[in-house]
1. What number of residues within the range 265-275 satisfy the criterion of being surrounded by fewer than 14 Cβ atoms within 10 Å (Cβ to Cβ) and assigned to a helix (DSSP H, G or I)?
2. Looking at (1) in a loop (DSSP other than H, G, I, E, B); (2) at pLDDT below 90; (3) more than 17 Å from Y213 (Cα to Cα), which is the one condition that is false for M287?
3. Please name all residue pairs, on different chains or six or more residues apart, with Cβ atoms under 7 Å, provided the first residue is in the range 325-338 and is among the small types (G, A, S) and the second residue is at pLDDT below 85.
4. Across the range 528-537, which residue is surrounded by the fewest Cβ atoms within 10 Å (Cβ to Cβ) among those that are assigned to a loop (DSSP other than H, G, I, E, B) and in contact (Cβ under 8 Å) with a residue 60 or more places away in the chain?
5. With the structure loaded, tell me whether I291 is surrounded by 19 or more Cβ atoms within 10 Å (Cβ to Cβ), of a type in the set (A, V, I, L, M) and in contact with a helix residue (DSSP H, G or I) (Cβ under 9 Å, 6 or more places away or on another chain) or whether it fails that test.
6. Working only within the range 97-154, note down all residues that are over 40 Å from the mean Cα position of the chain (by Cα) and of a type in the set (V, I, T).
7. Could you give every pair whose Cβ atoms fall below 9 Å, whose first residue belongs to the range 265-289 and is at positive phi, and whose second residue is part of a helix (DSSP H, G or I) and loosely packed, with under 15 Cβ neighbours inside 10 Å, counting only separations of at least 6 or pairs across chains?
8. If you scan the range 538-563, which residues turn out to be at pLDDT 90 or above and assigned to a loop (DSSP other than H, G, I, E, B)?
Amino acid sequence: MLKNRKIRPFMRSIIMWPLYLSILLIIMNVYVYFLDSSAGKIVTIFVSVYIAGVAILIVLKRGQINEQLVRFGASFGQVQKSLIKEMAVPYALLDEDGRLLSANNEFTELCKEKAKLKASIGQIFPEITKNILPTADEISVVHISVGEKKYRAELKNIYVEDADWNEENNSIVEEKDNILISVFFYDETEILRLQKYLKDRQLVVALLYIDNYEEALESIDEVRRSLLSALIDRKINKYFQDYQALLKKPEKDKYLIVLQNLYLEELKNIRFSILDEVRDVNIGNEMAVTISMGIGAGIDSYTESYEAAHAAIDLALGRGGDQVVIKDRNEFLYYGGKSASVGKSTRVKARVKAQSFREIIEENEKVIIMGHSMPDADAFGAAVGVYRIVKYLGKKAYIILNKVTDSISMVVGRFQGEQAPAEYSDMIINSEQAIALCDDSTVLVVVDVNRPGYTECPELLEIAKTKVLFDHHRQTSDSINDAVLSYIEPYISSACEMVAEMLQYVGDGIKLKSIEAEAMYSGIMIDTNNFLTKTGVRTFEAAAFLKRCGADVTRIRKAFRTDMDEYIAKARAVSTSEIFMKGFVFAECVAEDAGAPTVLGAQVANELMDISDIKASFVFTEYNNQIYISARSIDEVNVQVVMEKLGGGGHMSVAGAQLSGCTIAEAKQKVKNVLADMVNNKEI
């Protein structure tokens with residue numbers, strides 16, 4: 001009936017057209033009368049016969065025409081129904097609540113006994129939930145599995161139209177009242193199989209470097225050096241032969257590796273055990289050999305994959321080595337990093353960096369120096385050291401310091417107080433002043449931080465054209481990567497140690513003032529926890545240099561003593577300690593009245609490591625609507641890897657993170673989840 005109502009008005013107009021055309025014949029007949037009355041009479045006879053014939057035809061054949069049209073429509077609908085029923089693609093029709101109304105043979109075969117009338121589609125395919133059903137005219141797509149086959153289901157709304165003839169304007173009025181849902185299932189098993197096949201066979205480029213090749217050879221007898229080198233080379237070659245990799249050795253401590261992505265996934269699953277196998281090679285060498293790998297994956301171009309591998313190996317070395325970094329398009333994945341960075345006894349790199357830095361300063365007019373937000377003694381001390389280098393070279397220098405925290409107030413006070421020398425009167429500026437001073441002849445030096453968001457003035461990084469970076473923290477994927485000079489050494493104890501070494505190579509006549517030397521000495525002392533952690537030979541050499549420059553250790557110790565309230569706050573924090581998984585200790589540091597609560601939390605974390613059988617400590621401090629986590633360890637756990645999983649970073653034994661939008665209890669649970677996962681995955 002619906003089709004009949006739609007067809008009848010349309011066909012009426014078609015059938016009536018011969019009568020409408022009769023009007024033209026009548027007009028023509030009248031015109032002929034004016035020309036010739038005899039001819040007009042003859043035309044009148046023919047027109048009358050034509051009109052009568054058309055009228056009789058319409059009256060007599062109208063029903064038959066309608067009957068034939070209805071039969072054609074019914075036959076056409078039956079053909080359509082048959083085609084849908086026998087269609088090779090599974091198809092079903094649902095009501096607006098997702099209940100099955102009808103389905104073709106393929107759908108019935110796909111679902112077997114589950115395909116029952118009025119059954120919910122969610123009961124048949126659990127992947128198609130209520131919220132998957134389409135809204136408005138959008139198409140919802142969901143991927144489902146049936147046995148070994150994979151299907152892409154597309155759901156779309158169908159509006160059931162009701163039509164009536166509008167007598168006022170002679171048109172059909174359609175109303176979309178009822179909504180049905182059509183579901184098509186497209187078999188994508190073969191497509192997915194081929195996609196996986198192509199992805200598995202995609203070649204990836206890897207670069208493998210031996211971190212401490214020269215140092216390891218020097219730690220063994222000369223007669224055994226060739227044997228150690230051969231053992232390492234054999235271990236690496238045999239390991240990658242099992243994965244059908246192409247391996248070339250362009251240099252004595254570097255390898256180029258090309259392998260299929262299929263085997264890269266296997267290496268991920270075993271967490272690149274080659275790191276442990278090489279580290280275990282020992283024929284009497286005092287120093288364990290470690291390697292680093294950078295891999296470029298997920299890139300179609302081999303050239304770009306090689307460049308990505310280069311970026312990954314640079315990041316791996318910048319993070320201290322003994323790890324694998326995978327650059328998969330814009331994502332970085334990290335594996336390993338269990339051993340501490342091995343410091344190099346040579347200062348060649350420090351001398352080269354110092355000379356390069358001098359050349360950059362001499363080519364510009366002024367220098368702006370900044371550390372991380374809420375700076376500590378190391379950040380400020382390193383900035384003071386760079387300030388002295390710039391002043392020695394005869395250029396203007398400024399240090400950005402937006403807020404003086406209690407942890408550095410005593411040190412900064414000696415540069416800004418009433419008794420401070422006049423030459424430091426314009427040394428310290430804020431971010432607004434720095435932005436106003438920055439121009440094309442300005443060098444921006446960033447110390448003790450390599451992440452843009454953690455600096456005192458992130459906006460300045462976008463403005464400054466010439467940037468220099470000095471840091472001792474492990475790099476992350478979002479590090480400052482456009483510096484003209486970058487000196488990042490994770491094995492160095494502090495940024496102050498790094499700058500102290502460069503001071504000795506910038507020029508022969510350079511000499512630190514006593515308050516400058518004490519600022520730098522305090523930075524080393526704080527970052528090494530009074531020379532207990534991350535200290536090497538060069539650390540004590542830098543401290544000796546600063547001592548010769550006039551650093552008074554007694555005055556520094558007095559400047560960093562805590563008051564009674566802070567001491568009580570630390571004791572209270574220690575009393576909140578709880579042990580997790582028999583090796584990790586958690587504590588809360590509540591010190592709203594303290595000038596530097598985060599520093600207090602770090603001190604508590606250090607003290608908790610004096611407890612026996614503790615592998616790592618985590619202290620949580622709430623400050624400025626954020627949760628600050630201070631993580632410490634000695635040698636059993638790489639807390640830097642733990643904190644990286646929470647968006648933080650640091651060193652193997654000293655690290656931290658900042659969390660927003662959560663409570664201390666929630667932050668604790670996040671750390672516990674990370675530790676539990678790492679223990680289960682044998683990362684710890």
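The values are calculated or read from the model by the stated rules, or taken from the named source; none is laboratory data. Here the structure is a predicted model, which is why all the values come from computation and not from measurement. Counting neighbours? That spans all protein chains shown, and the Cβs are built from the backbone with ideal geometry, glycine included.
1. Looking only at the range 265-275, we keep the residues that are surrounded by fewer than 14 Cβ atoms within 10 Å (Cβ to Cβ), and these are 265-266, 269-270, 273.
From the residues that got through so far, the ones that are assigned to a helix (DSSP H, G or I) too are 265-266, 269.
Adding up the residues that qualify gives 3.
2. Here M287 clears every test but (3).
3. Filtered contacts from the range 325-338: G337/R319; G337/G320.
4. G536
5. Spelling it out, I291 is indeed surrounded by 19 or more Cβ atoms within 10 Å (Cβ to Cβ), of a type in the set (A, V, I, L, M) and in contact with a helix residue (DSSP H, G or I) (Cβ under 9 Å, 6 or more places away or on another chain).
6. T108
7. From the range 265-289, the pairs are G284/R224.
8. Listed by number, the residues that qualify are C549, G550, A551, D552.
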